[in-house]
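Report on the structure given below.
The values are calculated or read from the model by the stated rules, or taken from the named source; none is laboratory data. It should be emphasised that the depicted structure is a prediction, and the values quoted were computed from it without experimental measurement. Every residue, glycine among them, receives a Cβ derived from its backbone with ideal geometry; neighbour counts consider all protein chains shown. Please note that ligands, DNA and RNA were not included when accessible areas were found on the heavy atoms of the full protein model with its side chains. Shrake-Rupley method; radii C 1.70, N 1.55, O 1.52, S 1.80 Å.
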Amino acid sequence: MKEELLLDVRRPAQYLGNEWNVSKKEARSCALSFALGFPDLYEIGMSNLGLRIIYGVINNIPDAACERFFSPGPDMQDVLKGSSSLLASWESGMELRAFDMMGFSLGSELNYTNVLNILELSGVPMLSSLRDNRYPLVVGGGPCTLNPEPLADFFDLFLVGEAEEAVVELIDLYREHKHDFKNGGMGKNELLSKISGIEGIYVPSLYSAKYDSSGNLVSFSSSDGSAARQVKKRLVGDLDSVFYPRDWVVPYVQTVHDRVSLEIMRGCPNRCRFCQARAQYYPLRLRSREKVVDLARSSYASSGYEEFSLAGLSVSDYPGLEDLISELTGMFKDQAVNLSLPSLKAKLLLGNVSTLIAGVKKTGLTFAPEAGTERMRRMLAKDFSEEDFFKVAEEAYRAGYQHLKLYFLIGLPGETGEDLDGIISFAQSASDLKKKVKGGGAQINISINPLIPKPHTPFQWLGMESMESIRQKQKYLRDHCRNKRIKLSFHNLEMGFLEGILSRGDRLLGRVILAAYKKGARFDAWPEHFSLSRWQEAFAEEGIDPSKYLAEKQPGDILPWDFIDTGVKKEFLCSEFNQALKAPEE
């Protein structure tokens, strides 16, 4: 980024791009250049583990260079437009439109308009159909590729699943044909057709979606019969042998998760029916304890970070977790390095609280009951024991913990007032339990989110509960929670409903996303920037009813994401869906 552009922006250090451990390879001097970015602010993007991993993977290729980009803040956008400058990479300041590829890590549907903003600020046409060999191929990856259809008009290809190995194959194939492609000897369609042969790659332009007069999807198929009927999610088999960053890039400014993240597992042995991440990372794979410790040691040596966290969907299910924590805390005890833990299962901590959390940063323990009654937890297939939880909570209070954080969902099938009362009662009991140990009640922070029935989960056929109904339930909980030691936090309801629409959308939503962007939609994941009215106007102008995307589906319906093969069979999801509907009545 040109230094003269940083004089009038907030937190200019986020744009410098010369942090400790950053790659020194310059894209201009390499055979292949890859711009890798996150469509949100630097402080969010640099907390993304996937971006760090792929950044290292590409820069480990001798003749390839990977440089980063992020969404510039509103003030930097004004500076860029005022100076007629184009968005450039953080490392070398090379314009993004000059790279061979632009890759976006898509972690949230609410970042979709930021993708369009970055393309426009880069001088790159937003629509894939308008980009020829003068422009980079635009690549999408990350969790949102489990249903990439709303972005089909804007991306040349998506890498579905885990990218460590697939991105290397993509670069090898592009390098092989780069000369012909850039010099007009090979058309873009021909290149994309070859790329689609890589397992895990989805090229939207090779497929055709057809709709009836009501806008319902009636067929989805290869345009010319050459592309695979289903796109199989890409997987990494052995976590010990695959690349993982050791030279941890150290930001100049504080990021959301300002610490080293140690991924100890992928996948989850549990079958929570609301969880899309299980399909994203299925099946379960483990990184060996020896490898985790080795990565921790080298990451500390290269970065000096004073906090490490263990990452995984269900860290509690990692075999020998107690021994791993003991070894890590022992290794760093003289360096005053803290170890933070994600949400844990209470049964793991039974009888081991003092040993597991000795030396762990005492910022509070996090648990996810998800529902206030056992009846609702059974419907969710949530493995959570209240008896185990209260035993562990008491031990934690004795060990010096002062507060707990709890996660709950509302808007569940068959949910009643009794289930909402259960949330308050559960939190009240958790707070009062501390009085048994010493002093007053504990501080209980509750995060409550509406259920968004996501693709590739057993709930994908569910309708999302109406905004008004969820609003009434939020009010009920506020009115009935009178303990000042219990703090309720609700996810922004309007943002949640837009997330639901976009996550369950089809190709028709591309027009709406573009219209909303033209109306000024940016940073929709930030409450201070979000405006539902912009989106409502965009839907109205495009003649699309947003409510149809949140409506109940039938098991026989064609779903926009059916062509993505996650490895979890649709028949299994349907069986789980039927069992969930019966559970509240049992």
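A few notes on this one:
- The set of residues in the range 545-567 that are hydrophobic (A, V, I, L, M, F, W, C) and in a loop (DSSP other than H, G, I, E, B) comprises Ala551, Ile558, Leu559, Trp561, Phe563.
- Test for Ala583: is it at pLDDT below 95 and either in contact with a helix residue (DSSP H, G or I) (Cβ under 8 Å, 6 or more places away or on another chain) or under 21 Å from Asp153 (Cβ atoms) (or both): yes
- Restricting Tyr318, Tyr305 to those that are closer than 30 Å to Cys574 by Cα and not small (Gly, Ala, Ser) reduces the list to Tyr318.
- Residue, surrounded by the fewest Cβ atoms within 10 Å (Cβ to Cβ), within the range 364-395, restricted to residues that are in contact (Cβ under 8 Å) with a residue 40 or more places away in the chain and among the hydroxyl-bearing types (Ser, Thr, Tyr): Thr366
- Residues that are open to solvent by 20 Å² or more (accessible area, probe 1.4 Å) and acidic (Asp, Glu) occur in the range 491-505; there is at least one.
- Residue check for Glu91: under 29 Å from Leu509 (Cα atoms) and among the acidic types (Asp, Glu): no
- Looking only at the range 568-586, and only at residues there that are open to solvent by 40 Å² or more (accessible area, probe 1.4 Å) and not in a helix (DSSP H, G or I), the one that is farthest from Arg504 (Cα to Cα): Glu586
- Yes/no for Pro150 being in contact (Cβ under 8 Å) with a residue 60 or more places away in the chain, surrounded by fewer than 24 Cβ atoms within 10 Å (Cβ to Cβ) and within 25 Å of the chain's Cα centre (by Cα): no
- Annotation: Cys275 fulfils all but one of (1) closer than 30 Å to Leu380 by Cα; (2) at pLDDT below 95; the unmet one is (2).
- Condition met for Tyr305 (farther than 29 Å from Pro453 by Cα, part of a loop (DSSP other than H, G, I, E, B) and touching a residue at least 24 places away in the same chain (Cβ under 8 Å)): yes
- Filtering the range 475-500 to residues that are in a helix (DSSP H, G or I) and either without any contact (Cβ under 8 Å) to a residue 60 or more places away in the chain or more than 30 Å from Glu542 (Cβ to Cβ) (or both) leaves Lys475, Tyr476, Leu477, Arg478, Asp479, His480, Leu493, Glu494, Gly496, Phe497, Gly500.
- Of all residues in the range 335-344, those being modelled with pLDDT of 85 or more and open to solvent by 60 Å² or more (accessible area, probe 1.4 Å) number 1.
- Residue within the range 470-487 that is of a type in the set (D, E, K, R), out of contact with any strand residue (DSSP E or B) (no Cβ under 8 Å at 6 or more places or on another chain), modelled with pLDDT under 95 and open to solvent by 60 Å² or more (accessible area, probe 1.4 Å) present: yes
- Selection within the range 303-322 - in contact with a helix residue (DSSP H, G or I) (Cβ under 7 Å, 6 or more places away or on another chain) and not aromatic (Phe, Trp, Tyr): Ala311, Leu313, Val315, Ser316, Gly320, Leu321, Glu322
- Index of the failed condition, Val115 passing every other in (1) open to solvent by 10 Å² or more (accessible area, probe 1.4 Å); (2) more than 25 Å from Ser29 (Cβ to Cβ): (1)
- Scanning the range 118-132 for residues that are within 15 Å of Ala88 (Cα to Cα) and open to solvent by 10 Å² or more (accessible area, probe 1.4 Å) yields a count of 3.
- Hits in the range 242-285 - residues which are part of a loop (DSSP other than H, G, I, E, B), closer than 30 Å to Phe572 by Cβ and in contact with a Phe, Trp or Tyr (Cβ under 8 Å, 6 or more places away or on another chain): Ile264, Gly267, Cys268, Arg273, Phe274
- Conditions (1) more than 25 Å from the chain's Cα centre (by Cα); (2) part of a helix (DSSP H, G or I); number of the one not met by Tyr517: (1)
- Pick from the range 280-294, criterion of a type in the set (A, V, I, L, M, F, W, C) and within 16 Å of Pro245 (Cα to Cα), ranking: surrounded by the fewest Cβ atoms within 10 Å (Cβ to Cβ): Val293
Rundown of residues vs (1) farther than 30 Å from Glu95 by Cβ; (2) out of contact with any strand residue (DSSP E or B) (no Cβ under 6 Å at 6 or more places or on another chain), yes/no style:
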| position | (1), (2) |
| --- | --- |
| Tyr135 | no, yes |
| Pro150 | no, yes |
| Leu157 | no, no |
| Glu176 | no, yes |
| Gly184 | no, yes |
| Tyr202 | no, no |
| Ala209 | yes, no |
| Asn216 | yes, yes |
| Val231 | yes, no |
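- Residue count, the range 39-87 (criterion: buried (at least 22 other Cβ atoms within 10 Å of the Cβ) and acidic (Asp, Glu)): 2
- Lone unmet requirement of (1) crowded, with 18+ Cβ neighbours inside 10 Å; (2) modelled with pLDDT under 95; (3) farther than 27 Å from Pro455 by Cα for Ala227: (3)
- Looking across the range 24-38, just one residue is of a type in the set (S, T, N, Q) and either open to solvent by less than 10 Å² (accessible area, probe 1.4 Å) or at pLDDT 95 or above (or both), and that is Ser33.
- Helices (runs of 4 or more DSSP H) lying entirely in the range 345-460 (those with 2 or more residues that are within 30 Å of the chain's Cα centre (by Cα) and modelled with pLDDT of 90 or more): 374-380, 386-398, 417-437
- Filter result for the condition that a residue is within 19 Å of Phe104 (Cβ to Cβ), in contact with a Pro (Cβ under 7 Å, 6 or more places away or on another chain) and not aliphatic (A, V, I, L, M), over Tyr202, Tyr174: Tyr202
- For the range 522-538, a residue qualifies if it is crowded, with 19+ Cβ neighbours inside 10 Å, under 25 Å from the mean Cα position of the chain (by Cα) and closer than 13 Å to Ile501 by Cβ, and the qualifying residues are Asp524, Trp535.
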